[in-house]
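The values are calculated or read from the model by the stated rules, or taken from the named source; none is laboratory data. Predicted, not measured: the structure shown is a model, and the values here were computed from it. Because the Cβ atoms are built from the backbone with ideal geometry, glycine has one as well, and the counts that use them run over all protein chains shown. Calculation scope for accessible area: heavy atoms of the full protein, side chains included, ligands and nucleic acids excluded. Shrake-Rupley method; radii C 1.70, N 1.55, O 1.52, S 1.80 Å.
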Amino acid sequence: GLGALPFLMPLMLQVGFGLDALSSGLITFASAAGAMSNKAVVAPIIRAFGFRNVLIANTIVSSAFLFGYSFFRPATPHYVIFLALLAGGFFRSLQMTSLNTLSYADVPAGMLSRATSLTSMAQQLSQSVGVGTGALILYVMLTTHGTAVSSAADFSVALAMVAGISLLSVPFFL
């Protein structure tokens, strides 16, 4: 779910909402800004609540943000989209930072190089699966409607579906 957003959101803003690339980029920058804003608070959050609780609760929160994005429409004020992406970026970064930290928790110092390579590969695979899933959902929507261009509604369906897929990780964190 998290890997699909960097693909779906700019595409939705450009193809579904008719924004130019610059406007789309300025709005979606909020997601990166939100991600950068949490670096000082991640460690205290994890210390206070523990990895399991953070991962479970934050998966639900991050999925809720993804689902919330499915309600964006071309008439949605840009500042609302910006603020939602800013907040969502904070929680997506909390999720990724928690997962990355946990992936090295029990790795002996001599194995860190291998663990880094494996983690990097897993992240890239996850991003690729997210983009592929988002693209597949959009393709199915196109073929269902028999059109050549995605509509804003198609992106809403795709965002809602990747939010649901994202929730499938909760049982693993339990």
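Is it fair to say ALA152 is in contact (Cβ under 8 Å) with a residue 12 or more places away in the chain and in contact with a Lys or Arg (Cβ under 7 Å, 6 or more places away or on another chain)? Step through it out loud before you land on a result.
On the way: in contact (Cβ under 8 Å) with a residue 12 or more places away in the chain: yes; in contact with a Lys or Arg (Cβ under 7 Å, 6 or more places away or on another chain): yes.
Spelling it out, ALA152 is indeed in contact (Cβ under 8 Å) with a residue 12 or more places away in the chain and in contact with a Lys or Arg (Cβ under 7 Å, 6 or more places away or on another chain).
If LEU174 passes every condition in (1) hydrophobic (A, V, I, L, M, F, W, C); (2) over 20 Å from PHE7 (Cα atoms); (3) out of contact with any helix residue (DSSP H, G or I) (no Cβ under 9 Å at 6 or more places or on another chain) but one, which one does it miss?
Against the list (1) hydrophobic (A, V, I, L, M, F, W, C); (2) over 20 Å from PHE7 (Cα atoms); (3) out of contact with any helix residue (DSSP H, G or I) (no Cβ under 9 Å at 6 or more places or on another chain), LEU174 comes up short only on (3).
Of everything in segment 142-162, what is in contact with a Gly (Cβ under 6 Å, 6 or more places away or on another chain) and within 30 Å of SER98 (Cβ to Cβ)? Give them in sequence order.
Across segment 142-162, the qualifying residues are PHE155, ALA158, VAL162.
Looking at segment 151-162 only, could you name the residues that are open to solvent by 20 Å² or more (accessible area, probe 1.4 Å) and over 14 Å from THR133 (Cβ atoms)?
SER151, ALA153
For a quick check of your reading of the model, give me the residue pairs whose first member lies in segment 18-46 and is farther than 17 Å from ASN58 by Cα, whose second is assigned to a loop (DSSP other than H, G, I, E, B), with beta-carbon atoms closer than 8 Å and at least 6 apart or on different chains.
That search, which allows pairs on different chains as well, returns GLY18/PRO74; ILE27/LEU19.
How many residues does segment 31-55 hold that are more than 19 Å from GLN127 (Cβ to Cβ) and either open to solvent by 30 Å² or more (accessible area, probe 1.4 Å) or under 13 Å from the mean Cα position of the chain (by Cα) (or both)? Let's see the steps before the verdict.
From segment 31-55, those more than 19 Å from GLN127 (Cβ to Cβ) are 33, 37-54; that's our starting set.
Narrowing further to those that are either open to solvent by 30 Å² or more (accessible area, probe 1.4 Å) or under 13 Å from the mean Cα position of the chain (by Cα) (or both): 37, 39-41, 43-45, 47-49, 51-53.
Of the residues in segment 31-55, 13 are more than 19 Å from GLN127 (Cβ to Cβ) and either open to solvent by 30 Å² or more (accessible area, probe 1.4 Å) or under 13 Å from the mean Cα position of the chain (by Cα) (or both).
Could you tell me whether any residue of segment 109-124 is within 14 Å of the chain's Cα centre (by Cα), over 20 Å from SER63 (Cβ atoms) and open to solvent by 50 Å² or more (accessible area, probe 1.4 Å)?
yes
Check segment 85-99 and report whether any residue there is touching a Leu at 6+ places or on another chain (Cβ under 6 Å) and surrounded by 15 or more Cβ atoms within 10 Å (Cβ to Cβ). It would help to see each step written out before you state the result.
Just the residues of segment 85-99 that are touching a Leu at 6+ places or on another chain (Cβ under 6 Å), to begin with: 92, 98.
Still in the running and surrounded by 15 or more Cβ atoms within 10 Å (Cβ to Cβ): 92, 98.
Within segment 85-99, one or more residues are touching a Leu at 6+ places or on another chain (Cβ under 6 Å) and surrounded by 15 or more Cβ atoms within 10 Å (Cβ to Cβ).
How many of the residues making up segment 126-154 are more than 14 Å from the chain's Cα centre (by Cα), of a type outside the set (S, T, N, Q) and part of a helix (DSSP H, G or I)? Outline the logic, then answer.
Residues of segment 126-154 that are more than 14 Å from the chain's Cα centre (by Cα), as a first pass: 135-154.
Next, from what is left, pick out any that are of a type outside the set (S, T, N, Q): 135-142, 145-146, 148-149, 152-154.
Cutting the leftovers down to part of a helix (DSSP H, G or I) gives us 135-142, 145, 152-154.
Number satisfying all stated conditions: 12.
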